[in-house]
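This report refers to the structure that appears directly beneath it.
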Amino acid sequence: MMWASRAASCLRISVFHRGFSTVLKDLKYADSHEWVKVNGKAATIGITDHAQDHLGDVVYVELPEVGAAVKQGDSFGAVESVKATSDVNSPVSGKVVEVNEKLSNTPALVNSSPYEDGWIIKVEMNDSGELKNLMDSEVYSKFCEEEDSKH
């Protein structure tokens, strides 16, 4: 376990031993368990490690069309697992500029690599001020812990 903690600190990843979900420091999080990585006006969106863990094995990802408008808090697609189908909500408003085509053939990337290869869409944001409505990694980690303790 020491090795994992040391590796995680090099990668700037928080390791929480209780929940085992990985929460990345530089991302923003929605209370519906989506993450967003912002680079200027570009936002990459996916579902969190916590979400994929609760969903189980993902078998299908419903992707929006490139050019579609997304609105903060509204559904733009769905993730289907062996257990359930869950809507995926956009943490920001804007226009879809890219979808992760790899998910059509390999939806399990959402499970194996939720923050890298398993991203779902990229959006050109309308209003970066919306990011203030989202949680940082610390707040999101606490949110997940509280949510899990209720179940």
Filter the stretch 83-105 down to residues that are among the hydroxyl-bearing types (Ser, Thr, Tyr) and outside any loop (DSSP other than H, G, I, E, B) and give me whichever is farthest from ASN133 (Cα to Cα). SER104
For the stretch 66-78, does any single residue satisfy the condition of being farther than 26 Å from SER137 by Cβ, in contact with a strand residue (DSSP E or B) (Cβ under 7 Å, 6 or more places away or on another chain) and not hydrophobic (A, V, I, L, M, F, W, C)? yes
Those residues of the stretch 61-82 which are assigned to a strand (DSSP E or B) and either out of contact with any Leu (no Cβ under 9 Å at 6 or more places or on another chain) or small (Gly, Ala, Ser) (or both) amount to GLU62, ALA69, VAL70, SER75, GLY77, ALA78, SER81
What pairs come up if the first residue lies in the stretch 95-110 and is within 15 Å of GLU80 (Cβ to Cβ), the second is among the aliphatic types (A, V, I, L, M) and part of a loop (DSSP other than H, G, I, E, B), and their beta carbons are under 7 Å apart, counting only those six or more places apart or on different chains? LEU103/LEU63; LEU103/ILE120
Selection count, the stretch 125-147, where residues are closer than 15 Å to VAL70 by Cβ and not charged (D, E, K, R): 6
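Okay, residues lined up against (1) under 30 Å from SER149 (Cβ atoms); (2) without any contact (Cβ under 8 Å) to a residue 60 or more places away in the chain:
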residue	(1), (2)
ASP49	yes, no
GLN52	yes, no
GLU65	no, yes
LYS71	no, yes
ALA84	yes, yes
Would a scan of the stretch 87-101 turn up a residue that is surrounded by fewer than 16 Cβ atoms within 10 Å (Cβ to Cβ) and under 26 Å from LYS150 (Cβ atoms)? yes
Looking at the stretch 103-151, which of the residues that are exposed (fewer than 13 other Cβ atoms within 10 Å of the Cβ) and among the hydroxyl-bearing types (Ser, Thr, Tyr) is nearest to VAL38 (Cα to Cα)? SER112
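Values quoted throughout were computed directly from the atomic coordinates according to the rules given, and no laboratory measurement underlies them. On a predicted model such as this, the values are computed, not experimentally measured, just so you know. Positions of Cβ are backbone-derived with ideal geometry, glycine not excepted, and every protein chain shown enters the neighbour counts.
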